[in-house]
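Since every read-out is calculated from the coordinates, none of them should be taken as a lab result. What you see is a predicted model, and the numbers here were worked out from it, not measured in a lab. FYI the Cβ positions are ideal-geometry reconstructions off the backbone, even for glycines, and counts take in every protein chain you see.
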Amino acid sequence: MKIEERLFLDRFNVDDKNHLVVDTSKCLECANKPCTTVCPVDDYNWDNGKLIISYEGCVECGACEVVCPFDKIKVTYPPAGKGVSFRFG
Amino acid sequence: MDAEGKFDAIVVGAGPAGTTAALTMARGGMKVALLERGEYPGAKNVFGGVLYRWPLEEIIPKFWETAPLERQIVDHRFMVMSKDSGLLLSFKVDGRGKAPYNGYTAIRAKFDKWYASKAEEAGVTLATSAVVDDIIMKDGKVVGVRAGPGIENELYADLVIAADGVNSGLAVRAGLREPPSPDQVALGVKEVVELPAEAIEARFNLRKGEGTRMETMGCTHGKMGGGFVYTNANSLSVGVVILLSHLMELKMKPYELLDEFKAHPSIEPFIEGGKAKEYSAHLIPEAGYKGVPRLYRDGMMIAGDAAYLCSYPEGTNLAMASGMLAGKAALHAKKNNDFSAKTLSVYHEMMNESYVIKEMKRKDSSHTAMLNNPRIFGLYPDLINEILADVLHVNGETKTAKHKRAKSKFRDKVGLLRALRDAYSTRGMAP
Ligand SMILES: Cc1cc2nc3c(=O)[nH]c(=O)nc-3n(C[C@H](O)[C@H](O)[C@H](O)COP(=O)(O)OP(=O)(O)OC[C@H]3O[C@@H](n4cnc5c(N)ncnc54)[C@H](O)[C@@H]3O)c2cc1C
Ligand code: SF4
Ligand code: SF4
């Protein structure tokens with residue numbers, strides 16, 4: 001199943017501010033770019049020598065922050081009532 | 001709350017750990033605020049999963065009569081899979097007239113909400129959509145929390161209990177723990193697949209209301225992890241769990257592993273025709289006893305996943321048990337009107353005597369062994385399936401020849417002594 005179809009299933013109240021705080025100064029040096037493979041919703045994409053970050057489908061798991069070898073990702077929590085709300089979980 | 005509007009204790013996180021701690025303290029007469037960042041308790045939470053009767057029964061006797069539960073687990077299944085085959089073991093008990101059961105499947109968004117409402121009934125003040133950003137320190141002591149900018153978002157109390165889950169920003173800020181490293185946590189991805197109750201009962205050979213939990217291994221490309229299928233009332237919870245450092249090595253997307261799992265010939269017939277209802281992901285502490293941090297400091301304690309107290313698939317029970325002991329330690333501190341680390345150390349003492357720490361120690365014995373052993377999650381499952389496929393295939397070749405081939409395959413690929421060593425070193429993995 002495509003990730004877009006999957007995310008269509010979930011309930012989001014998207015904030016207008018990106019809660020993923022990423023400093024991309026080390027990304028060129030980063031060999032495997034693990035944020036682009038571990039994120040369960042494909043919020044990180046390497047495109048033309050640049051890290052493209054979306055945050056809309058973020059399910060707030062925190063994996064990207066844990067895997068960044070340069071400690072450049074901080075997953076802050078979306079403010080009150082924003083972000084994902086699981087109906088099952 | 002005293003005259004200045006101060007709470008005795010603030011609990012951060014209305015998951016199983018935090019709600020239990022809050023409930024325990026409120027019943028003992030403390031004024032407790034329970035702060036939850038989700039729109040409702042459970043909104044941000046994910047598990048397999050099975051709720052065990054212990055220790056919830058001690059906290060809410062006969063909870064099964066009122067809690068939103070899905071099915072009573074009477075069937076425990078374990079599957080060892082290769083790419084296209086699977087060996088399934090089912091341990092089934094006679095559930096007729098045997099309620100209460102040992103475990104129930106549950107939906108966290110429903111259960112956590114219900115459980116927090118029990119804490120409210122006991123007098124806890126629950127605030128949802130309350131994102132705690134930081135702890136407030138004074139003279140080396142934790143004195144409150146901050147939930148946004150400005151003093152209007154500061155909340156003070158004698159005690160803060162951080163039950164904010166595996167990513168626990170608060171335990172880290174309090175200096176009790178480091179942020180997780182990729183080999184200390186696993187990532188779980190999960191789908192809820194809707195199916196009519198009758199279809200679930202027919203496919204899993206269950207009576208009405210009975211349920212199956214199924215754990216599988218061999219679906220993670222040799223990496224540490226596994227798959228699961230749990231039966232809910234009208235849906236299945238289907239997921240894959242993999243150690244985060246191993247997922248990084250594998251360079252596969254987590255949902256690709258989930259898609260492979262769902263398409264596996266031994267899994268697909270269970271979910272066929274079902275409608276996907278939700279996709280979720282969550283981290284799971286996998287650090288064993290070694291990873292368990294210091295549990296308290298002046299004015300603060302940590303419980304549940306925040307303290308890495310998880311021994312997958314057991315987690316909610318350990319969270320509740322630690323929350324309960326943290327609550328008891330708080331009552332002891334309240335009685336002595338002293339919330340210093342010295343007084344709160346009773347939490348540590350009670351934990352050491354508890355099932356929680358004993359289970360974490362058991363888990364520890366196998367964790368390192370499994371981390372560095374590619375045989376467990378790849379070679380063995382494949383070999384078992386390969387040998388069975390060969391032996392069960394009737395084609396005119398004698399059974400004797402096939403048994404001989406099986407033995408030599410086993411000898412060449414593993415060896416008896418190594419197999420024994422592996423079996424011993426992974427004993428902590430046994431159910
Ligand atoms: C895929 C998967 C399968 C699992 N299967 C099982 C199973 O079958 N059985 C089982 O017993 N366990 C299972 N577990 C483990 C179990 O889910 C956890 O161990 C358990 O939920 C831990 O409870 P907790 O209260 O410590 O943390 P959580 O349940 O994570 O609760 C933490 C709470 O804190 C809130 N929070 C976090 N930060 C803040 C903040 N800054 N401000 C305010 N609120 C905050 C969160 O929103 C959340 O409500 C599974 C876990 C996963 C991921
Ligand atoms: S893992 Fe960190 S350094 Fe590497 S590409 Fe992603 S953000 Fe950049
Ligand atoms: S928190 Fe999880 S879902 Fe959100 S961007 Fe990071 S890895 Fe992706």
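For this structure, a couple of remarks:
- Residue within segment A:56-79 that is within 9 Å of ligand 3 (Cβ to nearest atom), aromatic (Phe, Trp, Tyr) and more than 9 Å from chain B (Cβ to nearest Cβ) present: no
Let's see how each residue does on (1) of a type in the set (D, E, K, R); (2) more than 14 Å from chain A (Cβ to nearest Cβ):
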site: B:ILE10; (1), (2): no, yes
site: B:GLU36; (1), (2): yes, no
site: B:ASP75; (1), (2): yes, yes
site: B:ASP84; (1), (2): yes, yes
site: B:LYS98; (1), (2): yes, yes
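- Meets criteria (more than 10 Å from chain A (Cβ to nearest Cβ), part of a helix (DSSP H, G or I) and closer than 27 Å to B:ASN317 by Cβ) for B:GLU178: no
- Sole exception among (1) within 15 Å of ligand 2 (Cβ to nearest atom); (2) in a loop (DSSP other than H, G, I, E, B) for A:PHE88, by number: (1)
- When segment A:17-54 is filtered for residues that are among the small types (Gly, Ala, Ser) and away from ligand 3 (no atom under 14 Å from the Cβ), the ones remaining, listed by number, are A:SER25, A:ALA31, A:GLY49.
- Qualifying residue in segment A:20-43 (condition: over 27 Å from B:THR220 (Cβ atoms), among the hydrophobic types (A, V, I, L, M, F, W, C), more than 10 Å from every other protein chain (Cβ to nearest Cβ) and in a loop (DSSP other than H, G, I, E, B)): yes
- Identity of the residue in segment A:25-58, near ligand 2 (Cβ under 7 Å from one of its atoms) and within 30 Å of B:ALA43 (Cβ to Cβ), that ends up surrounded by the fewest Cβ atoms within 10 Å (Cβ to Cβ): A:LEU51
- Cβ-Cβ distances below 7 Å connect the following pairs, each with a first residue in segment B:294-312 that is within 14 Å of chain A (Cβ to nearest Cβ) and more than 16 Å from ligand 2 (Cβ to nearest atom), a second residue that is part of a loop (DSSP other than H, G, I, E, B) and polar (S, T, N, Q), and a separation of six or more residues or different chains: B:ALA306/B:SER168.
- Of the helices (runs of 4 or more DSSP H) lying entirely inside segment B:202-271, those carrying at least 1 residues that are under 21 Å from the mean Cα position of the chain (by Cα) are B:244-250, B:254-263.
- B:LEU309 meets each of the listed conditions (1) buried (at least 20 other Cβ atoms within 10 Å of the Cβ); (2) outside any loop (DSSP other than H, G, I, E, B) apart from (2).
- Restricting attention to segment B:272-291, the residues that are under 20 Å from the mean Cα position of the chain (by Cα) and either within 11 Å of another protein chain (Cβ to nearest Cβ) or within 13 Å of ligand 1 (Cβ to nearest atom) (or both) add up to 10.
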